[in-house]
1. Would you pick out the residues in the range 279-295 that are assigned to a helix (DSSP H, G or I) and more than 24 Å from the chain's Cα centre (by Cα)?
2. From (1) within 12 Å of the ligand (Cβ to nearest atom); (2) under 24 Å from residue 158 (Cα atoms); (3) not hydroxyl-bearing (Ser, Thr, Tyr), pick out the condition that doesn't hold for residue 442.
3. Between a first residue in the range 55-68 that is under 18 Å from residue 495 (Cβ atoms) and not assigned by TED's automatic domain parsing to the domain that holds residue 383 and a second residue that is small (Gly, Ala, Ser) and assigned to a loop (DSSP other than H, G, I, E, B), which pairs have beta carbons less than 9 Å apart while being 6 or more apart in sequence or on different chains?
4. Could you check how many residues of the range 445-458 are over 18 Å from residue 368 (Cβ atoms) and more than 6 Å from the ligand (Cβ to nearest atom)?
5. When the residues of the range 303-360 are filtered to those that are among the acidic types (Asp, Glu) and over 17 Å from residue 383 (Cβ atoms), which remaining residue is nearest to the ligand (Cβ to nearest atom)?
6. Check whether at least one residue in the range 103-114 is over 20 Å from residue 135 (Cα atoms) and crowded, with 20+ Cβ neighbours inside 10 Å, and report yes or no.
7. Output the residues belonging to the range 168-194 that are of a type in the set (Gly, Ala, Ser) and surrounded by fewer than 16 Cβ atoms within 10 Å (Cβ to Cβ).
8. All but one of (1) within 15 Å of the ligand (Cβ to nearest atom); (2) in contact (Cβ under 8 Å) with a residue 40 or more places away in the chain; (3) more than 17 Å from residue 310 (Cβ to Cβ) hold for residue 196; state the number of the condition that does not hold.
Amino acid sequence: MEAIQALPMGTAVAVAGPAIALGGLSLLFLKSFVYDQKKRSSSSLPLPPGIPGLPVIGNLLQLKEKKPYKTFTKWAEIYGPIYTIKTGANTLVVLNSNDVAKEAMVTRFSSISTRKLSKALKILTSDKSMVAMSDYDEFHKTVKRHILTNVLGPNAQKRHRKHRDTLMQNTLNQLHAHLKNFPGESVNLRMIFQPELFGLALKQALGKDVESIYVEELGKILSRAEVLKILVVDPMEGAIEVDWRDFFPYLKWIPNKGFERKLGQMYFYRQVVMKALIEDQKKRIASGETINCYLDYLLSDAKAISEQEMIMLIWEAIIETSDTTLVTTEWAMYELAKDWKRQDCLYQEIQNVCGSGKITEENLCQLPYLSAVFHETLRKYSPAPVIPLRYVHEDTELGGYHIPAGSEIAINIYGCNMDKKLWENPDEWKPERFLDKYDTMDLHKTMAFGGGRRVCAGSLQAMLISCTAIGKLVQEFEWTLKAGEEENVDTLGLTTTKLHPMLANIKQRR
Ligand code: HEM
């Protein structure tokens, strides 16, 4: 040490330089040796079992119905938690248990960190220009930080609290008005809750809710309901549009006019409406009025974001806020309205904790049964049943099998949440299964929010809105399903949206 200190500075650098270079070289050598070993050891493993299919088209005909996650789950009972299917020219590795899903999302993430998007998603996401659909790269890290800092992280959620309180109060007011104006008529909760969620999404993203907007390219004023349809409802349907060229890339030169027209139109409408909404708010900012919202934040703090990326990021915050939370809340209320005993159990818990006071977000940590209702609904109705496909960009290993580069990965969240080895009678909606086992505020009791570096950024917001809404709806009203509603359990779309909106009869509690 003293000898080194005694050397002139230049000498120390001259000696240390080659040493560092040599150290670097041997590290590099070691890394490539380990990599080769890993590669060799992975390729000596067997391939996952394949589901028998037909030549050329593979298993496509077996996946005709638009709920592949259910077919995947049935196959897992025969072929195990990991298997491959052929979708035309593509090989898809399907993961159906928590263990293999976590291995893909955490341990082997570095080999599976890119997205494989269908043509429809490529168009709708403006080629991966949003947090949830981007590859795991610098763009992703930057924009995930932005959405967490301003919209979805714990501090941002504290700042947006007033919007959630308004949403809850407006929902309750409309239910009371329904009771008064249409006594004896059943209520469609979605018709009230969805526009309220959309209002919250607009306020968080753009600073203000809108009643209507003039869109120059369309030459007309659109109502709020039309804006909701263009920004949320249509793209959710468009996202599952199938272009057969996805399965046969070697036929991509053949035009598919119907598909292109439909998706092109959706893209155009979304684009012009988003531009009009943003321009409107830019006028507000220019007039000196700034608001704590995502747009104001991006305009002042995220200079490197292009105009198109800005449109996509703002749209992302709107569509993601408006959909999955509604799906969860509606299914939870369907189950509670069907099951009086459990509804009463929840009501008693709320009464014990809140007494004559109204339930608030501050009470959530004291309400384990409410938390169990939320998580059991996420389990049984996994709002994102299959994670958007990932792509294996280097040979890897999963569940003891060799997974070659070029494979696509489908993580079947629904399958993980319905795994009979993990969940007793998984078809039964039974919140009690979560009591005593978990911390009330643990957001990851199931695989519903994914995991690892791509874990859902909006889980806190979803929990705060959904749990408070369920709690308030049950605290204030008694819910009973309308006769014949029990059978309506079908779903529609990319998420598990209830095909028939829930209809229920409500009675004000004393
Ligand atoms: C019950 C409601 C929700 C469920 C079940 C859910 C589910 C998921 C899942 C499974 C993923 C992971 C995708 C993957 O691994 O590739 C994800 C990602 C994401 N979610 Fe959610 N989500 C919900 C609500 C929300 C809300 C309200 C937002 C608000 C904007 C949101 C924003 C995001 C974002 C930005 C990502 C991308 C994270 C990343 O790629 O790093 N989610 N969500």
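1. So in the range 279-295, the residues assigned to a helix (DSSP H, G or I) come out as 279-286, 294-295.
Result: 279, 280, 281, 282, 283, 284, 285, 286.
2. All conditions are met except number (1).
3. 66/493
4. Residues flagged as over 18 Å from residue 368 (Cβ atoms) and more than 6 Å from the ligand (Cβ to nearest atom) within the range 445-458 amount to 5.
5. Result: 309.
6. Going residue by residue through the range 103-114, those that are over 20 Å from residue 135 (Cα atoms) are none.
For the range 103-114, residues over 20 Å from residue 135 (Cα atoms) and crowded, with 20+ Cβ neighbours inside 10 Å: absent.
7. Selection gives 177, 184.
8. (2) is the only condition that residue 196 fails.
The values are calculated or read from the model by the stated rules, or taken from the named source; none is laboratory data. Since the structure is predicted, the reported quantities are computational estimates derived from the model, not experimental observations. Methodologically, a virtual Cβ is constructed for each residue, glycine included, from the backbone with ideal geometry; neighbour enumeration extends over all protein chains shown.
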